[in-house]
Amino acid sequence: MNIIPAADYQDMSHKAAHLMIEKIRSNPDMTLGLATGSTPKGVYDELIKDHMENGTSYKRITTVNLDEYIGLPPFDPNSYRYFMNSGLFNHLDIQQVNTHLPKGDADDINQECQRYEQLIKDLVDIDLQLLGIGQNGHIGFNEPGTPFTSRTHVVKLEESTRKANARFFESMDKVPTHAITMGIASILDSREILLLASGSAKAEAITQLVHGEANEQFPASALKVHSNVTIIADEAALSLV
Ligand code: F6R
């Protein structure tokens, strides 16, 4: 694992965006795996700024996101589809049909998981997968105990994960209880992985990721078996490493 230290959130976002932009420019047909949440927001702002100022094009780029809440339609401001459209896709020249997220309001959720996994297979590997990390080590919504062999599946969200995400919702009871997530094996199929972390709340998780053994109770540790992982973390997230 290659670790790139950053001073703070802004510096982490800048370094990650710079790395992504270079790859997009050298491979304008690439497939990007994307994440939601507070961590990648600054990266997306930088991608938009660069697109407007330097014209980096996303016309032939395909994206696949990690996860989506079950029960939220795409127009719900708390859905991940809404987050991605309003926070990134609507500001780029990307073709909406080439942006993929699991459908959280699908009639048949198990069939939706199969459709999504097949879609990832049909794309013949994600070139670069962007990841955040949960305080309990989750990646995507793969909570502790998820088999490293898992593919796209339904998860019951841990209370700690629901609480961490409650800040976006009116009240705790509005936070969905389930989500669809790419599995750990689906994530590991990516050619390259870029994991971002910022803030002291992520310090213990980053320490365990860097120093711990691969262990299904700590999902991010699956990345230890991948040959091309870069972590960009700020000082606070690296403070215990
Ligand atoms: C979201 C996702 C999650 C987040 C994680 C950290 O698509 O995959 O694993 O990356 O929950 O969330 P933030 O960035 O909000 O701290």
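The values are calculated or read from the model by the stated rules, or taken from the named source; none is laboratory data. Everything numeric here is computed off the predicted structure, so don't read it as measured data. Don't worry about glycine lacking a Cβ; one is built from the backbone with ideal geometry, like all the others, and counts go over all protein chains shown. Remember, those area values only see protein heavy atoms, side chains included, never the ligands or the DNA or RNA. Shrake-Rupley method; radii C 1.70, N 1.55, O 1.52, S 1.80 Å.
Springs between alpha-carbon pairs under 10 angstrom, Gaussian network model over the chain: which of P102, P219, P28 fluctuates most?
Most flexible of the set in this elastic network: P28.
Can you give the three extents of the C-alpha atoms in region 2-234 along their principal axes, from longest to shortest, in whole Å?
42, 42, 36
Taking H placed 1.01 Å from N in the peptide plane, check which residues at least 5 places from I4 or on another chain put their amide H under 5 Å from its amide H.
I231, I232, A233
Before anything else, pin down the relative contact order of the chain: Cα pairs under 8 Å, at least 6 apart, normalised by residue count, whole percent. Can you show the working numbers first?
Working: 489 pairs, mean separation 61.5, N = 241.
Here the relative contact order equals 26 percent.
Roughly how far apart, in whole Å, are the Cα centres of region 1-33 and region 52-125?
For region 1-33 versus region 52-125, the Cα centre distance is 20 Å.
Any idea of H211's accessible area? Nearest 10 Å², probe 1.4 Å.
Rounded to the nearest 10, that gives 120 Å².
When only DSSP loop residues count, what chymotrypsin sites (Phe, Trp or Tyr not before Pro) in region 1-75 have their Cβ near at most 14 other Cβ atoms within 10 Å? Mind showing how you got there, number by number?
Details: sites: Y9, Y44, Y58, Y69, F75; in loops: Y58, F75.
Qualifying residues, ordered by number: F75.
Can you count the Lys pairs in region 113-241 whose Cα atoms are under 23 Å apart, with each pair 8 or more apart or on different chains?
The result is 6.
For a quick check, take a GNM of the chain with Cα springs below 10 Å and name the residue from D107, D11, D67 with the largest mean-square fluctuation.
With Cα springs under 10 Å in the chain, the top fluctuation among D107, D11, D67 is at D107.
Say we join alpha carbon atoms closer than 10 Å with springs in a Gaussian network model of the chain; which of N228, N54, N85 then has the biggest fluctuation?
In this elastic network of the chain, the residue with the biggest mean-square fluctuation among N228, N54, N85 is N54.
Run the reach check for K59 against aspartates and glutamates, Cα to Cα strictly under 13 Å, same-chain hits fewer than 8 apart removed. What comes back?
D29, D93
Quantify, in whole percent, the carbon and sulfur part of the accessible surface of the chain (1.4 Å probe; protein heavy atoms only). Intermediate results must be reported in sequence, preceding the final value.
Values: 5350 of 10730 Å².
So the carbon and sulfur contribution to the accessible surface is 50 percent.
With runs of 4+ DSSP H residues as the only contributors, calculate the mean residue ellipticity of the chain at 222 nm using -39,500 (n - 2.57) per run, divided by the residue total and rounded to the nearest 500.
-10000 deg cm²/dmol
Restricting to bridges with both residues inside region 7-164, how much of the DSSP beta-bridge set is antiparallel, in percent to the nearest 5?
10 percent
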